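J.: After the structure tokens below, expect a handful of questions from me.
What follows is calculated from the coordinates using simple rules that are stated; it is not laboratory data. All of these numbers come straight from a predicted model, not from anything done at the bench. Note that we place each Cβ from the backbone using ideal geometry, even for glycine, and neighbour counts take in every protein chain shown.
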Amino acid sequence: MKITSENFEKEVLNSEVPVLVDFFATWCSPCKMMSPVVEELEKEMEGKAKVYKIDTDEEQNLAIKYGIMSIPTFIVFKNGEVANKAVGMRDKQELIDLLNN
């Protein structure tokens, strides 16, 4: 699902399960390298958490709102609040730890 300013509140902030958001850009090499890891995590976490991607070029207002200075940046939202944040490439286990802590 494509997350935009229009559906961000409904899909991310109002989610009943934790949400991992991958802030990325299509031109970003590390982001491209993280994409298969993020997709794998999305399948593994189905029913337990949601995993979304937000293109910072298309959704600059969300990137600014959450202080995205470098990409990829991963932010975990729980109960509508930022619960965890990590900048740069991460392995799958690190992303799972972000979601679980």
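J.: Test of understanding: ordering 66, 52 by Cβ neighbours within 10 Å, fewest first, what list do you get?
T.: Lowest count first: 66, 52.
J.: Compute, for segment 5-100, the length of the dipole vector about the Cα centre, with Cβ point charges of +1 (Lys, Arg) and -1 (Asp, Glu) only. Units Debye, rounded to 20.
T.: Here segment 5-100 has a charge dipole of around 220 debye.
J.: Please list, in order along segment 94-100, the HN-Hα scalar couplings obtained from phi with the Karplus expression 6.51 cos²θ - 1.76 cosθ + 1.60 (θ = phi - 60°), rounded to whole Hz, x for Gly and Pro.
T.: Per residue, the Karplus-derived 3J(HN,Hα) values read 5, 5, 4, 4, 4, 5, 8 Hz.
J.: I've got another one for you. List the trypsin sites (Lys or Arg not before Pro) in segment 7-100 that DSSP assigns to loop (not H, G, I, E or B) and whose Cβ has at most 16 other Cβ atoms within 10 Å. Which are they?
T.: 48
J.: I would also like to ask the following. Which whole-number percent is the relative contact order of segment 5-100 (Cα, under 8 Å, 6+ apart)?
T.: It comes to 38 percent, rounded to a whole number.
J.: Among 55, 91, 22, which one shows the biggest mean-square fluctuation in a GNM of the chain, springs joining Cα atoms closer than 10 Å?
T.: Greatest mean-square fluctuation among the candidates belongs to 91.
J.: Once the dipole of segment 5-100 is set up with Lys and Arg at +1 and Asp and Glu at -1 on Cβ about the Cα centre, which of 45, 23, 75 lies farthest towards its positive end?
T.: 75
J.: Could you calculate the FRET efficiency of residue 92 with residue 10 from 1/(1 + (r/R0)^6), where r is the beta carbon distance between them and R0 is 25 Å, rounded to 0.05?
T.: According to the calculation, E is roughly 0.40.
J.: Count the DSSP beta bridges whose two residues both fall in the chain, then state the antiparallel fraction as a percent rounded to the nearest 5.
T.: Counting DSSP beta bridges with both partners in the chain, the antiparallel share is about 60 percent.
J.: What Kirkwood radius, in Å to one decimal, follows from the Cα pairs of the chain?
T.: Hydrodynamic radius (Kirkwood, Cα pairs) of the chain is 13.3 Å.
J.: With a 10 Å cut-off between alpha carbons and a GNM built on the chain, which of 15, 70, 35 moves the most?
T.: 70
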